[in-house]
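Step one of this worksheet: look at the structure below.
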Amino acid sequence: MAPPRSGIGHYTQRLGQELARHRAVNRVLYWGHLSVGGLSDVAAELNILQSERRRWRCVLRLMPVLRPECLIRQMFVRGRLIRSYLYHETNFVLRPYAGPSVITIHDFSFHHYPELHPPERVRHMSEGLPASVEKALHVITDSEFVRREAIERLDIPPEKVTAIALGVDPVFRPRSKAELAPVLERYDLLDRSFVLVVGNFEPRKNLERLVAAYGQLPADVKAGVILVHTGPEGWRNSALRARIERLQSQGRFVRLGYVPACDLPFLIAAARVLAFPSIYEGFGLPPLEAMACGVPVLASDAASIPEVVGSAAALVDARDVDAMADALERLLTNETLRQRLHQQGIERASGFTWKRTAEQTIRVYRRVLTAT
């Protein structure tokens, strides 16, 4: 949950907030690297991780692999003391805990594309996930696509796995030019038309092919729009950096890096198109958030993405640059198509709420606690 939050961090935060509001939940505790308790109890640790992230980055990456035995024992003791709680591990691999537990598996990208992840992460997942699945009383996935993968790859009984879709925060909605202006001015994007990409700056997000597709746009179309990327640093992106250097020097590609959560809804709502060409996703929140804002979406037809966006987005083969360029041109120039996706996107996104995510998760909690 320490910023910059990834999709899993966002999931943990929003689920925790909704659970705390729900009448069926007595108390929500958070389990950090060094602390356990309510949000106020772990706030100091989160602040340290946020303010000194560069110093802690290597430690954080190695924690799952090199966590000292004394800390494991401490966690186990704490686990025994609070074992009347149900422990929900929202990030794949369980920690030592004596009570009932549930895990969320978000995707299998570490299995499909191990070369796109740090080796210690792949090792942590490969070694820790099978044991966690065996110990957990139930498994939650973000999509039916990942549910089927979990059943097949980890040999889990189908009745032990439930797909629960993520939600869209109400702050993602259509906005007026006056609402957007202050944020756009802060990022030097005022009065500029742009295609927005949201996600980690890494190969799995397929940015190289999107850049190639952008390069194929007719000169007059390309002259009127730039590419803007927002998101934290990813993994193995040196080739991608080299690919965008020329565009950056021409002012055609803008990297904003990680932006505060309060600014993201405005950047998405201001985009001409949101592009999400990822080659693999367990869910994919950005396209859904863009649809809630009424922004046309260009997305790949890979993995769970079609399940999320339905017919309310333009779907293309993630590896077909020509198809991507054609779809991007149509989304930028065809007003009839843009209006149709504007309306369909808002309607589609309205069915995804964090309250619904929490209620379905609580049903899983009730089921496993009744069975114990």
> How many residues does region 323-358 hold that are assigned to a helix (DSSP H, G or I) and under 23 Å from Ser193 (Cβ atoms)?
Replying inline: 24
> Can you name the condition, by its number, that Ile151 falls short on among (1) more than 30 Å from His117 (Cβ to Cβ); (2) part of a helix (DSSP H, G or I); (3) not basic (Lys, Arg)?
Replying inline: (1)
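Please go through region 108-143 and give me each residue that is touching a residue at least 40 places away in the same chain (Cβ under 8 Å), assigned to a helix (DSSP H, G or I) and of a type outside the set (Ser, Thr, Tyr), ordered by number.
His111, His112, Glu115, Leu116, Glu120, Arg121, Arg123, His124, Gly128, Lys135
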>> Just the residues that are modelled with pLDDT under 90 and either outside any strand (DSSP E or B) or crowded, with 23+ Cβ neighbours inside 10 Å (or both), please, taken from region 194-206.
In response: Gly199, Asn200, Glu202, Pro203, Arg204, Lys205, Asn206
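Return yes or no: is Arg186 surrounded by fewer than 18 Cβ atoms within 10 Å (Cβ to Cβ), closer than 23 Å to Leu267 by Cα and assigned by TED's automatic domain parsing to the domain that holds Leu315? Steps first, please.
Working: surrounded by fewer than 18 Cβ atoms within 10 Å (Cβ to Cβ): yes; closer than 23 Å to Leu267 by Cα: yes; assigned by TED's automatic domain parsing to the domain that holds Leu315: yes.
Here the answer is yes, as Arg186 does meet what is asked.
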> Of all residues in region 9-20, which are touching a residue at least 40 places away in the same chain (Cβ under 8 Å) and of a type outside the set (Asp, Glu)?
Replying inline: His10, Tyr11, Thr12, Arg14, Leu15, Gln17, Leu19
> Which condition number in (1) over 23 Å from Pro170 (Cα atoms); (2) modelled with pLDDT under 95 is the one that Leu337 fails?
Replying inline: (2)
>> Would you confirm, using the coordinates I've provided, whether Phe92 is surrounded by 19 or more Cβ atoms within 10 Å (Cβ to Cβ) and in a loop (DSSP other than H, G, I, E, B)?
In response: yes
> When you scan region 155-183, how many residues do you find that are surrounded by fewer than 17 Cβ atoms within 10 Å (Cβ to Cβ) and of a type in the set (Val, Ile, Thr)?
Replying inline: 1
>> Six or more apart or on different chains, Cβ atoms under 7 Å: show the pairs whose first residue is in region 333-349 and within 21 Å of Tyr214 (Cα to Cα) and whose second is charged (D, E, K, R).
In response: Leu337/Arg330
> Can you name every residue in region 211-233 that is under 11 Å from Arg252 (Cβ atoms) and not in a loop (DSSP other than H, G, I, E, B)?
Replying inline: Val211, Tyr214, Gly215, Lys222, Ala223, Ile226, Leu227, Val228
>> If I go through region 144-186 residue by residue, how many of them are hydroxyl-bearing (Ser, Thr, Tyr) and touching a Ser or Thr at 6+ places or on another chain (Cβ under 8 Å)?
In response: 1
>> Step by step: first the residues of region 242-258, then only those that are touching a residue at least 12 places away in the same chain (Cβ under 8 Å) and in a loop (DSSP other than H, G, I, E, B), then the one that is farthest from the chain's Cα centre (by Cα). Which residue is that?
In response: Gly251
>> Checking Val309 against (1) closer than 22 Å to His106 by Cα; (2) surrounded by fewer than 21 Cβ atoms within 10 Å (Cβ to Cβ): exactly one of these is not met. Which one?
In response: (2)
> How about region 307-322: which of its residues are over 11 Å from Pro287 (Cβ atoms), assigned to a loop (DSSP other than H, G, I, E, B) and not basic (Lys, Arg)?
Replying inline: Ser311, Asp317, Ala318, Asp320
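The values are calculated or read from the model by the stated rules, or taken from the named source; none is laboratory data. All values reported here derive from a predicted model rather than from experimental measurement. Don't worry about glycine lacking a Cβ; one is built from the backbone with ideal geometry, like all the others, and counts go over all protein chains shown.
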